[in-house]
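Please read the structure below before turning to the comments.
The values are calculated or read from the model by the stated rules, or taken from the named source; none is laboratory data. None of these values were measured; they are calculated from a predicted model. Note that we place each Cβ from the backbone using ideal geometry, even for glycine, and neighbour counts take in every protein chain shown.
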Amino acid sequence: MTVTTRALPLVLALFSVAMIDACKKAPPPPPAPMEDTAAARRAREDSIRMERQRADAAAAEARRRAAQDSIDRVRAAEEAARRDSEMLRSTVTAVINFDFDKSDLRDDSKANLDAKVPVLLANSNVTIRISGHADERGSSEYNLALGQRRAAAAKRYLVERGVAEGRVETTSFGEERPICTEHNEACWAQNRRDEFEITAGGPTLTRPRS
Amino acid sequence: MHRLRSSHFVLALLVVAGSAGPVVAQDTTKGVRIGLRYDPGTRPGVAVLPVSGTYGDSVRAILERDFDLSDRLAVVTLTAADGFLLTGETPKGAPVPLNYALFAKVGAAAVVQVTPTPRGMHVTLHDVERAQVASVEEFSLPQPELGRDWRLAVHGIADAVVEWITGQRGFAQSRIAFIRGNVVRIVDSDGELEQTLPVLGAAMSPSWHPSGGLIAYSTFGPESRIVIYDLRTGRARDFGAQRNTTNLTPVFTPDGKSIAYSLSSENGADLYLMPLDGDAFPRRVTVGRGSENVQPSYSPDGNRVAFMSDRTGHPEVYIMDADGTNPDIFTAFDFGDQNYRASPDWSPDGRQVTFQSRIDGRFQIFTMTLRDRQPKQLTSEGENEDPSWAPDGRHLVFSSTRSGTRQLWILDTESGRLRQLTQVGGSRLPAWSPRLIKP
């Protein structure tokens, strides 16, 4: 095996020399028609092969584009759904505010809650927690009870409009978790609030059918 | 000369008697008859002799400070210039002959002599005017020196001496529980040795068991509950956690057998009573019909409860029988402001209730006796909230913003003297312990 392999270059070299000698001795004949045909066939085959390659490449590119378009479309749809869900989520979690030492729902709070209702009804797997908060004035202990009452007021409103009672949990943080710490009415008004937290079923929210 | 058991009567009579001469405050403790003469209308002067031993200076400093903080005694400082030999050493054994005339000259009605013993301190009280020993007692001090229990025992010496001299026991041997950063903390009555309790959740509203061994507090937010913490074992148990409710303002009943607290649900907040032993269920005490009823405080005999309710539309203090019957508004006066009264605390002698009332948009501390129901405003600077009586029924601790941050302050309701207890801002919701005789 080894011997044969090593001998091969020598054999080829000898053969080449013989061929060169032969050419030198006689001018080459004109190209034979047979040879002409073979070359043409090779050229055609090359052409066909290249054409096929081009076609294949184009098809692959088309498929790739189609796939990409599909991905883009899905992504766009997902993005739209995400934005939609985000918007719906912010509708559900938007805070409502209260007057001092009051738990009555103001008109702006009712409008806020009215926007939440269809979203909650269209996403029946979503559960929420309403936490009531108070400003720093008043007794801090009494403010925990006031916060509980504020949370309950919002819950009652939602339940009366069809949201299942068991989907809405209430709690109170009184004046213990202010979002604004200055000692003025602008700040206190922000702190007198209900916060709405999605506790389950929240990753994607479906837009209610209108 | 009058022989009286109560300094309240002493003070009442002083007003009538004027400068009728020296008064004897008197008491009988452990079979020893004690009486010390001092001028009416003044705090009797007391001198503490230097105390020997490694921790003698600490003992003397704690006693002098406690006497001062009691607001019942005036501490007389002994100096070499007055002729006192302050070597830091006193001869072993008592009584030691004292130069009573010299002490009388610097205004000391009493002299306290403390001598270390193997297990604690031997304390002798000298009556300067009578030039004799008035009382002697051994106090044991638990190891280690300067530790929590040791300091509490030294405070107990101070309280005993105040009682020997004035007939009224001091409050030094007590602690104050409070909230800072939603954590329960406990500090000695002199502001030393702040301790932090491990709490289950964000804590509010600590209160003491009559034994001084348990602290109850509430937590808020989801899983709000009432927690009972055992200061001796460090163990905690809790109850009340349920959906859609907040548990608030627990206090022990005076018999120590139950906890009264407020359960705030979606139908208002009512007071409940929960027995501590057995598997009992809480029983509702108030019928608030959707209103808020919080912050119970019992009369010392346990028969009545002061509490805060908004049943008439704004927060006021009410008093009812312990079974929930006969609720009656207590703070029925009108200051022309938007009325808002809260945080009642019934005094240990049962005669009055302290609370907070809003004046010009800020809470101030008030007291009101049950007999004449005349409100007495005690504070006016900053915002002052959540008053709690000392076991002597004379001092109050409350939170105040008067220094720029919210701190705990102690007020002597008789002299008006005020002092700051805490040094870190955000301190609030104080609860003064009963006397902690056994550490």
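Looking at (1) outside any helix (DSSP H, G or I); (2) touching a strand residue (DSSP E or B) at 6+ places or on another chain (Cβ under 6 Å), find the lone condition where A:GLY162 falls short.
All conditions are met except number (2).
Just to be sure, is B:GLY313 touching a residue at least 12 places away in the same chain (Cβ under 8 Å) and either assigned to a loop (DSSP other than H, G, I, E, B) or not assigned by TED's automatic domain parsing to the domain that holds B:ALA203 (or both)? Give the steps one after another, and end with the answer.
Working: touching a residue at least 12 places away in the same chain (Cβ under 8 Å): no; either assigned to a loop (DSSP other than H, G, I, E, B) or not assigned by TED's automatic domain parsing to the domain that holds B:ALA203 (or both): yes.
Criteria not met by B:GLY313.
Scan A:GLU160, A:GLU176, A:GLU165, A:GLU182 and give me the residue that is acidic (Asp, Glu) and touching a residue at least 24 places away in the same chain (Cβ under 8 Å). Give the steps one after another, and end with the answer.
Working: A:GLU160 fails: touching a residue at least 24 places away in the same chain (Cβ under 8 Å); A:GLU165 fails: touching a residue at least 24 places away in the same chain (Cβ under 8 Å); A:GLU182 fails: touching a residue at least 24 places away in the same chain (Cβ under 8 Å).
Result of the check over A:GLU160, A:GLU176, A:GLU165, A:GLU182: A:GLU176.
If A:ARG150 satisfies every condition in (1) at the interface with chain B (Cβ under 9 Å from one of its Cβ atoms); (2) touching a residue at least 24 places away in the same chain (Cβ under 8 Å); (3) crowded, with 24+ Cβ neighbours inside 10 Å but one, which is the exception?
(1)
Conditions tested, residue by residue: (1) over 26 Å from the mean Cα position of the chain (by Cα); (2) among the hydrophobic types (A, V, I, L, M, F, W, C).
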site: B:THR249; (1), (2): no, no
site: B:GLU266; (1), (2): yes, no
site: B:ALA269; (1), (2): yes, yes
site: B:LEU276; (1), (2): no, yes
site: B:GLY290; (1), (2): yes, no
site: B:GLY302; (1), (2): no, no
site: B:PHE307; (1), (2): no, yes
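Table: residues versus (1) more than 14 Å from chain B (Cβ to nearest Cβ); (2) buried (at least 22 other Cβ atoms within 10 Å of the Cβ); (3) β-branched (Val, Ile, Thr); (4) touching a Phe, Trp or Tyr at 6+ places or on another chain (Cβ under 8 Å).
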{"residue": "A:ARG83", "(1), (2), (3), (4)": "yes, no, no, no"}
{"residue": "A:MET87", "(1), (2), (3), (4)": "yes, no, no, no"}
{"residue": "A:ASN97", "(1), (2), (3), (4)": "yes, no, no, no"}
{"residue": "A:LEU121", "(1), (2), (3), (4)": "yes, no, no, no"}
{"residue": "A:THR127", "(1), (2), (3), (4)": "no, no, yes, no"}
{"residue": "A:LYS155", "(1), (2), (3), (4)": "no, yes, no, no"}
{"residue": "A:GLY166", "(1), (2), (3), (4)": "no, no, no, no"}
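Looking at this structure, is A:GLU182 among the acidic types (Asp, Glu) and either over 28 Å from B:MET204 (Cβ atoms) or within 14 Å of chain B (Cβ to nearest Cβ) (or both)?
no
For a quick check of your reading: which strands (runs of 3 or more DSSP E) sit entirely within the stretch B:170-232 and have at least 3 residues that are touching a Cys at 6+ places or on another chain (Cβ under 7 Å), touching a residue at least 40 places away in the same chain (Cβ under 8 Å) and surrounded by fewer than 19 Cβ atoms within 10 Å (Cβ to Cβ)?
Working: elements: B:175-180, B:183-188, B:203-208, B:214-219, B:226-230.
Passing ranges: none, list empty.
Can you find a residue that is within 27 Å of B:ALA61 (Cα to Cα) and among the hydroxyl-bearing types (Ser, Thr, Tyr) anywhere in the stretch B:191-207? Give the derivation first.
Going through the stretch B:191-207, the residues within 27 Å of B:ALA61 (Cα to Cα) turn out to be B:191-196.
From the residues that got through so far, the ones that are among the hydroxyl-bearing types (Ser, Thr, Tyr) too are B:196.
Yes, because at least one residue in the stretch B:191-207 is within 27 Å of B:ALA61 (Cα to Cα) and among the hydroxyl-bearing types (Ser, Thr, Tyr).
So if I check each of B:SER265, B:SER297, which one is outside any loop (DSSP other than H, G, I, E, B), at pLDDT below 95, at negative phi and within 14 Å of chain A (Cβ to nearest Cβ)?
B:SER265
From the list B:GLY31, B:GLY88, which one is modelled with pLDDT under 65 and outside the structural domain of B:ILE157 (by TED's automatic domain parsing)? Lay out the reasoning, then the answer.
Numbers: B:GLY88 fails: outside the structural domain of B:ILE157 (by TED's automatic domain parsing).
B:GLY31 is the lone residue from the list that is modelled with pLDDT under 65 and outside the structural domain of B:ILE157 (by TED's automatic domain parsing).
When the stretch A:99-115 is examined, which residues are found to be among the hydrophobic types (A, V, I, L, M, F, W, C), in a helix (DSSP H, G or I) and surrounded by fewer than 19 Cβ atoms within 10 Å (Cβ to Cβ)?
Of the residues in the stretch A:99-115, the ones among the hydrophobic types (A, V, I, L, M, F, W, C) are A:100, A:105, A:111, A:113, A:115.
Cutting the leftovers down to in a helix (DSSP H, G or I) gives us A:111, A:113, A:115.
Within the stretch A:99-115, A:ALA111, A:ALA115 qualify.
Look through the stretch B:202-233, keep the residues that are within 23 Å of B:ILE437 (Cα to Cα) and polar (S, T, N, Q), and return whichever of them is farthest from the other protein chains (Cβ to nearest Cβ). Spell out how you get there, then give the answer.
Within the stretch B:202-233, the first condition is being within 23 Å of B:ILE437 (Cα to Cα), and the residues that meet it are B:206-217, B:228-233.
Checking the rest, the ones that are also polar (S, T, N, Q) come to B:207, B:211, B:233.
Details: B:SER207: 11, B:SER211: 24, B:THR233: 28 Å.
For the stretch B:202-233, the residue satisfying everything is B:THR233.
For residues that are of a type in the set (A, V, I, L, M, F, W, C), away from chain A (no Cβ under 14 Å) and within 12 Å of B:SER357 (Cα to Cα), tally how many sit in the stretch B:307-341.
Let us first name the residues in the stretch B:307-341 that are of a type in the set (A, V, I, L, M, F, W, C), namely B:307-308, B:317, B:319-320, B:322, B:329-330, B:332-333, B:335.
Pick out the ones that are also away from chain A (no Cβ under 14 Å) and you get B:319-320, B:322, B:329-330, B:332-333, B:335.
Applying the additional criterion that residues be within 12 Å of B:SER357 (Cα to Cα) yields B:332-333, B:335.
Here the count works out to 3.
Say we look at the stretch B:379-393 and pick out the residues that are surrounded by fewer than 23 Cβ atoms within 10 Å (Cβ to Cβ) and in contact (Cβ under 8 Å) with a residue 24 or more places away in the chain; which of these is farthest from B:GLN352 (Cα to Cα)? Before you say what the answer is, go through the steps one by one.
Residues of the stretch B:379-393 that are surrounded by fewer than 23 Cβ atoms within 10 Å (Cβ to Cβ), as a first pass: B:380-383, B:391, B:393.
With in contact (Cβ under 8 Å) with a residue 24 or more places away in the chain added as a condition, the list becomes B:391, B:393.
On the way: B:PRO391: 14, B:GLY393: 9 Å.
Per the criteria, the residue is B:PRO391.
Report the residue count in the stretch B:405-422 for those that are part of a loop (DSSP other than H, G, I, E, B), modelled with pLDDT of 95 or more and surrounded by fewer than 18 Cβ atoms within 10 Å (Cβ to Cβ).
1
Give the residue, chosen from B:GLY393, B:GLY404, that is out of contact with any Pro (no Cβ under 8 Å at 6 or more places or on another chain) and on the phi > 0 side of the Ramachandran plot.
Values: B:GLY393 fails: out of contact with any Pro (no Cβ under 8 Å at 6 or more places or on another chain).
The unique qualifying residue is B:GLY404.
With respect to B:SER291, determine if the residue is closer than 22 Å to B:ALA332 by Cβ, within 11 Å of chain A (Cβ to nearest Cβ), among the hydroxyl-bearing types (Ser, Thr, Tyr) and touching a Gly at 6+ places or on another chain (Cβ under 6 Å). Outline the logic, then answer.
Working: closer than 22 Å to B:ALA332 by Cβ: yes; within 11 Å of chain A (Cβ to nearest Cβ): yes; among the hydroxyl-bearing types (Ser, Thr, Tyr): yes; touching a Gly at 6+ places or on another chain (Cβ under 6 Å): yes.
Criteria met by B:SER291.
Identify, by number, the condition in (1) hydrophobic (A, V, I, L, M, F, W, C); (2) within 12 Å of another protein chain (Cβ to nearest Cβ); (3) under 27 Å from the mean Cα position of the chain (by Cα) that A:ALA115 doesn't meet.
Result: A:ALA115 passes all but (2).
Does A:ARG137 meet the test of being more than 14 Å from every other protein chain (Cβ to nearest Cβ) and closer than 27 Å to B:ILE179 by Cα? Working first, answer last.
Details: more than 14 Å from every other protein chain (Cβ to nearest Cβ): no; closer than 27 Å to B:ILE179 by Cα: yes.
No.
Hey, does the stretch B:150-162 have a residue that's buried (at least 16 other Cβ atoms within 10 Å of the Cβ), of a type in the set (D, E, K, R) and assigned to a strand (DSSP E or B)?
No, because not a single residue in the stretch B:150-162 is buried (at least 16 other Cβ atoms within 10 Å of the Cβ), of a type in the set (D, E, K, R) and assigned to a strand (DSSP E or B).
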